[in-house]
1. Would you mind finding the one in 184, 200 that is in a helix (DSSP H, G or I), touching a helix residue (DSSP H, G or I) at 6+ places or on another chain (Cβ under 9 Å), within 19 Å of residue 153 (Cα to Cα) and in contact (Cβ under 8 Å) with a residue 24 or more places away in the chain?
2. Would you mind finding the one in 87, 122, 54 that is out of contact with any strand residue (DSSP E or B) (no Cβ under 6 Å at 6 or more places or on another chain), farther than 23 Å from residue 161 by Cα and not in a helix (DSSP H, G or I)?
3. Based on what the data block shows, is residue 224 more than 21 Å from the chain's Cα centre (by Cα), at pLDDT 70 or above, buried (at least 16 other Cβ atoms within 10 Å of the Cβ) and more than 20 Å from residue 16 (Cα to Cα)?
4. Restricting attention to the stretch 159-173, does a residue exist that is farther than 30 Å from residue 27 by Cβ, surrounded by 16 or more Cβ atoms within 10 Å (Cβ to Cβ) and within 25 Å of the chain's Cα centre (by Cα)?
5. Tell me which residues, restricted to the stretch 243-287, are assigned to a helix (DSSP H, G or I) and modelled with pLDDT under 80.
6. What about residue 240, is it without any contact (Cβ under 8 Å) to a residue 24 or more places away in the chain and not in a helix (DSSP H, G or I)?
7. Go through the stretch 124-139 and give me each residue that's over 15 Å from residue 228 (Cβ atoms) and surrounded by 15 or more Cβ atoms within 10 Å (Cβ to Cβ).
8. Among the numbered criteria (1) touching a helix residue (DSSP H, G or I) at 6+ places or on another chain (Cβ under 6 Å); (2) under 18 Å from residue 245 (Cβ atoms), which one does residue 68 miss?
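The values are calculated or read from the model by the stated rules, or taken from the named source; none is laboratory data. These numbers come from a predicted model, not from an experiment. In this analysis, Cβ positions are derived from the backbone assuming ideal geometry, glycine residues included, and neighbour counts consider all displayed protein chains.
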């Protein structure tokens, strides 16, 4: 096979899930509904937090930022996948592929750190409620969010730098539904041992370390909740639902990014759906929309919109 430099590559072909036209149309409608649900749920939360001053505290500021990340996270991958479902040639330009990788890494890695800070916030709120307002002031919350973005920016920039050095052979077919790092490494002709080491270090910092902090925080939260007599079941079920979503997000990412040799298998693609599609859709439902304060803020925002703009009601 003739070897060519990566600079000569103008596009990649994304194989996706199936070549059957009927299956592709079905998948298009399924993922369109999932994407619209994700964007609508997360936008509702952002609107609720920004429009209601009662939600201007650290917990809801964290949640609004999580929703912003989830909207961007899914918008990096799903719209292109939807377009390719309806196209015969499922291509993505070289520049578009690396833009997708960088955006995906930046938002995903930022979210990993943010989830750890959110678990710490809940730990302080439940374990030390009397000092919560002192410890988790707005300035502390903003610093944590800034630290999340800074960490995600630095590590994603390092990742994309090493990925950009890779060379590709004639085969530029990516056996995935989007440009993901392990899939691009699989088709590279380069020696990526150095990049593998960088990726493992990054995975430890952004996956294993935050997950350990989250599990530690939630173990203390659950122990504290079990000591509370009133509303114990509701608080316990909320903690468990949060923990399940976190484990789905981190667990699937750990398997894929720390065991990349399975890249290309159907199970690998299905596993990727957990952190690209499933958890961003479930986050607002699990973290926020079940919360009576958030629901009240949404109803308040809707009533205000109807009063100030009556034709909205007539158009429904």
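1. Answer to the selection: 200.
2. Result of the check over 87, 122, 54: 87.
3. Criteria met by residue 224.
4. Yes - at least one qualifying residue is present in the stretch 159-173.
5. Passing the criteria: 260, 261, 262, 266, 267, 287.
6. Answer is no for this residue.
7. Of everything in the stretch 124-139, those that are over 15 Å from residue 228 (Cβ atoms) and surrounded by 15 or more Cβ atoms within 10 Å (Cβ to Cβ) turn out to be 124, 132, 136.
8. Only one criterion in (1) touching a helix residue (DSSP H, G or I) at 6+ places or on another chain (Cβ under 6 Å); (2) under 18 Å from residue 245 (Cβ atoms) is unmet by residue 68, namely (1).
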